[in-house]
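To keep things clear, I will list the structure first and then write my remarks on it.
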Amino acid sequence: MRTVAIHAVPEEQLTHVTFDATMEERISELLTHYPTRRAALLPVLWLCQERYGWIAPGVIEAVAARLGESPAFVQGVVTFYTMFYTSPPARYVLQVCKTLSCAVCGGRELLEHLKARLGIDLGERTQDGTFQLIGVQCLGACGSAPVIQINDDYYENLTIEQLDALVDELSQGKEA
Amino acid sequence: MPKVTIDGTVVEVPAGTNLIEAARQAGVAIPYFCYHPYLSIVGQCRICMVEIEGAPRLAIACATPVTDGMVVRSETSARVKEARDAVMEFLLANHPLDCPVCDQAGECLLQDHSFTEGRDTTHMVETRRTFPGLERRLLGPHIVQNQNRCIHCSRCIRFTQEISETAALTYKSRGNHAFIDTFDGQPFTDPFSACTADVCPVGALTIREFRFRKRAWKLRSTPSVCPGCSIGCNLWIDHHERTVYRFTPRENPAVNATWLCDFGRFLAESLNETHCLHPLHRVEGQLHRVSWGEAMRALALDVSAARTLRVVASANLSNETLFLARELFVRHLKGELVVPVHPGEPRRMKNGKGEWLYSRDAHPNSEGARRLGLELVDGERLARFLYGAADLTVILDPTAHPYLSTAEALQLLRVSPTLSLARTNHPTAEVASWLLPVASLASDEGTFTSSGGHVQRFQPAFSPAGEARPAWQILQLLARAMGVSALDLDSPAAVFAAMATKEKGFSGLEWERLGGGSPSTYREHQHVG
């Protein structure tokens with residue numbers, strides 16, 4: 001399994017976003033799946049998050065213009081969903097499940113261990129910008145609790161040792 | 001049409017009418033917060049729940065259209081009362097109890113309902129949710145936001161999406177934390193921004209210009225028409241002790257639904273500008289105060305003696321004033337009369353059917369002047385008009401055209417005697433030999449003809465300041481002083497009746513039926529706004 005690091009484009013490069021040919025092609029393709037342009041908003045935002053690492057205000061404006069919505073409307077949608085990043089994320093976002101099954105199977109211990117090891121609290125990021133720690137609700141993998149999602153990948157049945165090894169690998173810049 | 005029984009009253013309403021409007025006709029007030037007759041129905045607030053016979057659960061009245069034979073219980077149902085109590089308790093769980101210091105108090109849907117139906121206790125013991133930093137935020141140039149008071153009805157958001165079409169407002173975040181904001185917190189510069197405060201059922205959005213100037217229950221509302229452009233939006237002049245505090249929209253589906261643009265709305269306070277309070281006569285370069293009697297006697301002689309008489313009327317004057325001016329100065333005295341008009345900023349307004357009405361005409365009554373067969377001139381032709389010689393010039397409204405305040409116009413007016421009606425300080429006062437104080441729209445009565453052809457009546461809110469008189473009355477007094485008894489008509493209604501019999505453009509119209517009737521004949525205006 002390879003977890004791809006997030007490369008968040010700095011905000012100053014996202015003040016006036018124009019979609020390049022690849023993006024434009026993918027957006028146009030997405031639009032063919034939906035009856036209205038508004039209906040394609042979420043997939044287009046996902047695409048943007050994949051491309052730019054996060055949803056900057058400049059990206060919101062570009063998406064709004066492309067889909068014929070107001071920037072306010074698009075920003076309303078972006079802020080509704082917690083999985084869109086409204087500020088540049090770290091390279092690896094550690095999403096620790098806080099819901100019941102994980103909690104009773106050691107999720108809480110994993111979280112406390114991560115906090116101690118990285119020296120950060122929930123919602124914070126390490127100084128070098130490698131890790132960001134957030135607590136999330138059920139990831140739908142209770143059968144293999146405890147679970148941590150890192151960027152887009154699930155790490156299941158984790159022990160503290162496995163987690164340590166994982167964090168070691170990731171912080172050495174290797175893609176796990 | 002379907003017949004429906006609401007709390008025992010049978011009403012027949014057009015198919016498709018929802019239960020709130022049907023109940024209104026039956027004299028039953030179903031409470032609502034998120035529903036607005038000119039916005040889409042979202043059914044968010046749940047306070048309008050009613051019991052429908054045969055239906056297992058309570059239904060929200062806003063989203064339930066009538067069907068024939070439907071039997072609805074609102075105030076007569078214990079289930080409804082219980083449900084509404086619960087809704088109120090949830091709405092009030094976080095709503096601050098700051099009515100005494102809230103500017104919406106007195107015209108707040110939540111306060112009204114809480115007062116009439118709500119409980120005086122709550123189960124809420126937790127700390128109330130607050131939005132630090134959003135208690136007193138200037139959302140835009142005219143709107144102050146207090147998010148703590150918001151009940152999340154989304155009326156303001158729907159207004160910007162559906163009516164002003166800027167979609168400038170949105171909810172940010174979600175659930176308990178959701179709050180109203182613009183994109184990236186940018187200023188809310190919608191040209192209809194103040195309407196969002198109108199539609200806000202609580203004190204979450206208030207109008208900066210009106211905040212804390214006057215308690216809502218002190219205000220009296222007088223039906224009037226917006227003087228800002230030719231669209232002719234219907235409005236209420238809200239006033240207290242002879243001061244105009246604000247304009248609020250007056251419902252008219254054909255013109256402005258329940259909206260006003262910011263430009264028109266904030267003309268309200270300009271009606272309070274009254275600098276000219278007494279008739280003044282210039283003798284040897286000095287203005288002297290004279291009585292109306294003296295002024296009229298002297299003017300009657302001056303006017304009759306003038307071999308050439310020219311009159312600058314205005315498209316800001318009522319039909320009645322223009323009619324009297326035409327009859328007196330043109331028909332009777334064979335003078336020349338022009339109505340200067342100048343293009344204004346483009347304005348627009350959305351009517352009750354969702355159609356835009358446009359105007360590039362800065363005057364409320366150009367169409368009326370046109371229908372009276374008067375000559376409408378631009379600045380260029382007004383200048384040519386003033387270049388011609390005349391024994392006497394009459395200016396019925398110095399603000400009729402910006403040209404009248406130019407140095408050139410003043411130079412031309414110096415040449416011969418000038419009689420000017422005046423309310424505010426205007427450069428023409430320096431050259432006029434007679435200044436007669438004229439009342440503002442708030443103290444005038446008459447009709448304007450909108451660019452859409454609606455002849456709409458406005459009523460006087462209070463008597464004029466000082467010795468000022470409405471323009472129509474000044475012309476009537478002059479006609480009387482000159483012995484023109486046919487024009488000695490003692491009210492705008494009488495002038496209108498004369499006009500309706502003589503003029504094709506006004507035939508068949510009756511004063512009493514021109515709208516602007518008694519306030520009680522309207523939907524309770526605070527509550528649709």
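The values are calculated or read from the model by the stated rules, or taken from the named source; none is laboratory data. No experiment lies behind these values; they were computed from the predicted model shown. A quick note on method: Cβ atoms are made from the backbone with ideal geometry, for glycine too, and the neighbour counts reach across all protein chains shown. Ligands, DNA and RNA are stripped out before the accessible areas are found, and what is left, the full protein with its side chains, is counted by its heavy atoms. Shrake-Rupley method; radii C 1.70, N 1.55, O 1.52, S 1.80 Å.
Pairs meeting the criteria (first residue in the range A:81-108 and under 30 Å from B:Y171 (Cα atoms), second residue open to solvent by 40 Å² or more (accessible area, probe 1.4 Å), beta carbons under 6 Å, at least 6 apart or on different chains) are A:A90/A:R125; A:Q95/A:I134; A:T99/A:Q137; A:T99/A:C138. Where strands (runs of 3 or more DSSP E) sit wholly within the range B:305-397, those with at least 3 residues that are surrounded by 18 or more Cβ atoms within 10 Å (Cβ to Cβ) occupy B:309-312, B:336-340, B:343-350, B:356-361, B:392-395. Regarding the range B:15-37, can at least one residue be identified that is loosely packed, with under 14 Cβ neighbours inside 10 Å, in contact with an Asp or Glu (Cβ under 8 Å, 6 or more places away or on another chain) and not charged (D, E, K, R)? Looking for residues that are loosely packed, with under 14 Cβ neighbours inside 10 Å, in contact with an Asp or Glu (Cβ under 8 Å, 6 or more places away or on another chain) and not charged (D, E, K, R), one finds none in the range B:15-37, hence no. Taking the numbered list (1) surrounded by fewer than 18 Cβ atoms within 10 Å (Cβ to Cβ); (2) modelled with pLDDT of 95 or more; (3) away from every other protein chain (no Cβ under 14 Å) in turn, B:M124 passes all entries but (2).
A residue that is of a type in the set (V, I, T), open to solvent by 10 Å² or more (accessible area, probe 1.4 Å) and not assigned by TED's automatic domain parsing to the domain that holds A:F131 can be found somewhere in the range A:22-32.
Take the conditions (1) closer than 26 Å to B:G368 by Cβ; (2) open to solvent by less than 10 Å² (accessible area, probe 1.4 Å); (3) not polar (S, T, N, Q); B:A295 misses just one of them, which is (1). Please indicate, with yes or no, whether at least one residue in the range B:59-66 is modelled with pLDDT of 95 or more, among the β-branched types (V, I, T), in contact with a Pro (Cβ under 6 Å, 6 or more places away or on another chain) and in a loop (DSSP other than H, G, I, E, B). Yes, the conditions are met somewhere in the range B:59-66.
Of all residues in the range B:381-417, those satisfying the criterion of being over 22 Å from B:V330 (Cα atoms) and under 33 Å from the mean Cα position of the chain (by Cα) are B:P402, B:Y403, B:S405, B:T406, B:A409. Among the residues of the range A:68-97, the ones that are closer than 21 Å to A:L118 by Cβ, among the aromatic types (F, W, Y) and either within 14 Å of chain B (Cβ to nearest Cβ) or buried (at least 22 other Cβ atoms within 10 Å of the Cβ) (or both) come to 1 in all. Here A:L41, A:L110 are screened, and the one residue that is within 14 Å of chain B (Cβ to nearest Cβ) and within 20 Å of the chain's Cα centre (by Cα) is A:L41. Contact map, the range A:48-65: first residue within 17 Å of A:R37 (Cα to Cα) and within 10 Å of another protein chain (Cβ to nearest Cβ), second residue modelled with pLDDT under 95 and assigned to a helix (DSSP H, G or I), Cβ cut-off under 8 Å, separation 6 or more or different chains; pairs are A:I60/B:D184. Output the residue which, of all residues in the range B:73-86 that are among the aliphatic types (A, V, I, L, M) and surrounded by fewer than 18 Cβ atoms within 10 Å (Cβ to Cβ), is nearest to B:C48 (Cα to Cα). The extreme case among them is B:A86.
Identification of strands (runs of 3 or more DSSP E) wholly contained in the range B:236-289 with 2 or more residues that are at pLDDT 95 or above, closer than 30 Å to B:H36 by Cβ and touching a Phe, Trp or Tyr at 6+ places or on another chain (Cβ under 8 Å) yields B:243-249. Tallying residues that are of a type in the set (A, V, I, L, M), part of a helix (DSSP H, G or I) and crowded, with 18+ Cβ neighbours inside 10 Å within the range A:98-144 yields 4. So, B:H95, is that one closer than 26 Å to B:T248 by Cβ, open to solvent by less than 30 Å² (accessible area, probe 1.4 Å) and not aliphatic (A, V, I, L, M) or not? It is true that B:H95 is closer than 26 Å to B:T248 by Cβ, open to solvent by less than 30 Å² (accessible area, probe 1.4 Å) and not aliphatic (A, V, I, L, M). As for the range B:81-95, it holds no residue that is within 19 Å of B:E21 (Cα to Cα) and assigned to a loop (DSSP other than H, G, I, E, B).
You will find that of A:T15, A:T86, A:T22, A:T36, the residue that is touching a Ser or Thr at 6+ places or on another chain (Cβ under 8 Å) and over 29 Å from A:Q162 (Cβ atoms) is A:T86 and no other. When the range B:160-191 is limited to residues that are open to solvent by 20 Å² or more (accessible area, probe 1.4 Å) and of a type in the set (V, I, T), the one that is nearest to the other protein chains (Cβ to nearest Cβ) turns out to be B:T166.
Within the range B:414-425, the residues that satisfy the criterion of being open to solvent by less than 60 Å² (accessible area, probe 1.4 Å) and over 18 Å from B:A383 (Cα atoms) are B:L421, B:A422, B:R423, B:T424.
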